[in-house]
Amino acid sequence: MRYQEPKTDRSRRRFERRQEIDAAADVVFPLLCPVREYDWIPEWDCRLVYTESGLAEPGCIFQTDREVDGGIDTWVISRHEPDRHVAFVRINALRAMQYDIRLEPIDGNSTILVWTQVITSLSEAGDRHVEALREEDFANVIAKLETLMNDFLSQPIPAVTGS
């Protein structure tokens, strides 16, 4: 069998943005978790499908359901390196997405997060969905998440009271 160049006719987009978070990587990383996102993203909603620890970990699976994203998304954590890197594969009927977040410590009090999405259509309807995605919208989402995380991290930690 002769080698043939791979062919694809599906749409693909790539977006990347950086954030500066006012906390060390070991404080930021645990917040990049489907359970902990309830703490700092007001509109966050997901359904855990599988986790051994109850938090983010390799192989953790959860789902979100947002019409704007194409309906039910299944997310799988494909890479989980504490304080350094977390990656997800996110799939729905329209598209498959590689979602990658790298943490780059600046100093002991701040961290750069590099958010990358590679979105590939899975159908003709997916082509239309992917082609409609705009860099500006991704940038706005990442800026909003930066504000939300920094606001959350600036709040005093509530005292734990005994019963």
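Every number in this text was worked out from the coordinates using simple rules, so none of it is lab data. Bear in mind that the values here come from a model prediction, so they are computed numbers and not experimental data. Virtual Cβ from ideal backbone geometry, glycine too; neighbours counted across all protein chains shown.
Check whether at least one residue in the range 130-137 is without any contact (Cβ under 8 Å) to a residue 12 or more places away in the chain and under 13 Å from R12 (Cα atoms), and report yes or no.
Applying the first criterion (without any contact (Cβ under 8 Å) to a residue 12 or more places away in the chain) to the range 130-137 yields 132, 134, 136-137.
Next cut, under 13 Å from R12 (Cα atoms) only: 132, 134.
The answer is yes, given that some residue of the range 130-137 is without any contact (Cβ under 8 Å) to a residue 12 or more places away in the chain and under 13 Å from R12 (Cα atoms).
Considering the range 20-39 alone, what residues qualify as being part of a loop (DSSP other than H, G, I, E, B) and either among the hydroxyl-bearing types (S, T, Y) or farther than 16 Å from Y99 by Cα (or both)? Of everything in the range 20-39, those that are part of a loop (DSSP other than H, G, I, E, B) and either among the hydroxyl-bearing types (S, T, Y) or farther than 16 Å from Y99 by Cα (or both) turn out to be D22, A23, A24, V35, R36.
What number of residues in the range 95-123 are outside any strand (DSSP E or B) and within 17 Å of R14 (Cβ to Cβ)? Walk me through it before giving the result.
From the range 95-123, those outside any strand (DSSP E or B) are 108-109, 122-123; that's our starting set.
Next cut, within 17 Å of R14 (Cβ to Cβ) only: 122.
Number satisfying all stated conditions: 1.
Scanning the range 41-83 for residues that are surrounded by 12 or more Cβ atoms within 10 Å (Cβ to Cβ), over 18 Å from R102 (Cα atoms), small (G, A, S) and out of contact with any His (no Cβ under 7 Å at 6 or more places or on another chain) yields one hit, G71. For P42, state whether it is touching a residue at least 24 places away in the same chain (Cβ under 8 Å), in contact with a Lys or Arg (Cβ under 7 Å, 6 or more places away or on another chain) and not in a strand (DSSP E or B). Criteria not met by P42. Just one of the listed residues (D151, D137, D127) is surrounded by 15 or more Cβ atoms within 10 Å (Cβ to Cβ), among the charged types (D, E, K, R) and more than 14 Å from the chain's Cα centre (by Cα), and it is D127. Among the numbered conditions (1) loosely packed, with under 12 Cβ neighbours inside 10 Å; (2) in contact (Cβ under 8 Å) with a residue 40 or more places away in the chain, the only one that L31 does not meet is (1).
Among the candidates I119, I106, which residue alone is surrounded by 18 or more Cβ atoms within 10 Å (Cβ to Cβ), touching a residue at least 40 places away in the same chain (Cβ under 8 Å), farther than 16 Å from L145 by Cα and over 12 Å from the mean Cα position of the chain (by Cα)?
Values: I106 fails: surrounded by 18 or more Cβ atoms within 10 Å (Cβ to Cβ).
Residue meeting the stated conditions: I119.
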